[in-house]
Amino acid sequence: MKIKAIILSLLLALVLVGCTTVQPVQGNTVLATDNFEVLGRVTKECPLGEAGFTVLLEEAQRLYPEADDIINIIVDSKVTNYFFTKQGSYIMSAVVIKYVN
């Protein structure tokens with residue numbers, strides 16, 4: 001009886017344990033001009049197929065209502081392995097700015 005419980009526990013642990021890998025996909029670190037004020041940084045994780053500039057800009061405007069744009073966008077991919085399946089997402093981050101005259 002104890003052996004069955006141990007085997008069942010090990011199988012359950014094997015199914016629930018995952019492995020995650022994060023790697024950079026694309027990034028830009030050059031600031032073009034000085035006619036803006038930096039408001040902060042925004043980060044958003046999205047499933048594959050739902051990531052994009054507009055999604056990140058909307059998140060920036062939700063966090064910083066006075067935001068005009070986002071710059072220095074960095075995109076990382078995240079892949080998690082669960083037993084026989086893989087689950088992926090993108091982690092996007094950017095600097096939120098407001099243009100000044």
- [ ] Six or more apart or on different chains, Cβ under 8 Å: which pairs go from a residue in the range 68-79 that's at negative phi to one that's among the acidic types (Asp, Glu)? Could you list them?
- [x] 78/45
- [ ] Taking only the range 53-89 into account, find how many residues are in a loop (DSSP other than H, G, I, E, B) and modelled with pLDDT under 90.
- [x] 2
Task: Members of the range 34-52 found to be under 12 Å from the mean Cα position of the chain (by Cα) and either among the hydrophobic types (A, V, I, L, M, F, W, C) or assigned to a loop (DSSP other than H, G, I, E, B) (or both), listed by number - done: 42, 46, 48, 50, 51, 52
TODO: Taking the residues in the range 60-101 that are touching a helix residue (DSSP H, G or I) at 6+ places or on another chain (Cβ under 6 Å) and over 13 Å from residue 38 (Cα atoms) as candidates, determine which candidate is least open to solvent (accessible area, probe 1.4 Å).
DONE: 92
Open item on the list: Cβ-Cβ under 7 Å, sequence separation 6+ or interchain: first residue in the range 36-50 and farther than 18 Å from residue 62 by Cβ, partner surrounded by fewer than 12 Cβ atoms within 10 Å (Cβ to Cβ) and of a type outside the set (Asp, Glu). Which pairs?
Closed with: 36/99; 36/100; 37/100
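The values are calculated or read from the model by the stated rules, or taken from the named source; none is laboratory data. Quick caveat, the model's predicted, so the values are computed rather than measured. In this analysis, Cβ positions are derived from the backbone assuming ideal geometry, glycine residues included, and neighbour counts consider all displayed protein chains. Remember, those area values only see protein heavy atoms, side chains included, never the ligands or the DNA or RNA. Shrake-Rupley method; radii C 1.70, N 1.55, O 1.52, S 1.80 Å.
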